[in-house]
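Structure, as structure tokens:
Each reported figure results from applying straightforward, stated rules to the coordinates on display, with no laboratory input. Just so you know, these numbers come straight off a predicted model, no measurement behind them. For neighbour counting, all protein chains shown are included, and Cβ atoms are generated from backbone atoms with ideal geometry for every residue, glycine included.
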Amino acid sequence: MRAMQKLLLFVDKVSTFAGRFFAWSIVGLTFLISWEVFSRYVLNTPHPWALDVQIMLYGILFMMAGAYTLAHGGHVRGDVLYGFFEPRTQATIDLVLYIVFFLPGVFAMTYAGWTYANESLAIREQTFSPDPLPLYPFKFVIPLAAVFLLLQGIVEIVRCIMCLRDGVWPPRIGDVAEVDVDKLKEMVNVKDEDIASLDKYVVGQEAKQ
């Protein structure tokens, strides 16, 4: 079981690395948009291909974030009810949804994406701008993202099975998360009464001014 857990965490790390790596595309996207605005309105030299590159970079960022988000439990779910369920009940719901909806959808995405990309490669597809760019390399991102998502989905299915057996969710890799306010208060040894007193002091000082 320790070997299995190491394998699951290894896939988590792969998905996390892919998500972080392709997240750098947002930096390129930011610089590209900034430069194009400057070039268009200050230098009066717009580039017809800039919009195509912006769309491609955003598409890469969006697609390659899927496996990363799944690895960290970041996809949208109905936590209003789900969070109150026992782990085994949660695992049962997740397992059914993975088998009925996730696997068929991602298999279809992988197969159709690969076919779609190869057809684009066969005709050396380009964009429709006055300065056309090759489009087929971008389309190969579709099956690549699907493979990452499928691999992470299989890991999540294994986690569901392990939770059904053990009654607790197996651990997953950690990453940047929202601040736990209660834990932060405990670390700095601050109580709610202290915060309330500080708020009253600040309000009093503002009233005097």
Point to revise | Principal axis dimensions, largest first and in whole angstrom, of region 2-177 by Cα | key: 64, 36, 32
Check your understanding: Quick one: Karplus J couplings for region 40-52, per residue in order, coefficients 6.51, -1.76, 1.60, θ = phi - 60°, nearest Hz, x for Gly and Pro?
Key -> 6, 9, 9, 8, 6, 10, x, 10, x, 7, 4, 5, 4
Exercise for review: Find which of 49, 100, 136 sits farthest along the positive direction of the dipole of region 2-177, computed with +1 on the beta-carbon of Lys and Arg, -1 on that of Asp and Glu, about the Cα centre.
Suggested key: 100
Study note, to complete from the structure: Here region 83-92 yields Karplus 3J(HN,Hα) values (6.51, -1.76, 1.60; θ = phi - 60°; whole Hz; Gly and Pro given as x) of x, 8, 6, 5, x, 5, 5, 4, 5, 5
Study note, to complete from the structure: The exposure ranking of 25, 129, 15, fewest beta-carbon neighbours within 10 Å first, is 129, 25, 15
**Study point:** Packing rank of 58-65, 81-88, 148-155, 96-103, where each peptide gets the mean count of other beta carbons within 10 Å, highest leading
**Key:** 148-155, 58-65, 96-103, 81-88
Check your understanding: How large is ³J(HN,Hα) for each residue in region 128-134, as worked out from phi by the Karplus curve 6.51 cos²θ - 1.76 cosθ + 1.60 (θ = phi - 60°), to whole Hz, x for Gly and Pro?
Key -> 9, 6, x, 10, x, 10, x
Exercise for review: Give me 156, 119, 193, 125 ranked fewest to most by other Cβ atoms within 10 Å of their Cβ, as a rough exposure proxy.
Suggested key: 193, 119, 125, 156
Study note, to complete from the structure: Residues meeting the amide H criterion for residue 126 (H placed from the backbone, H to H distance under 5 Å, 5 or more places apart or on another chain) are 135
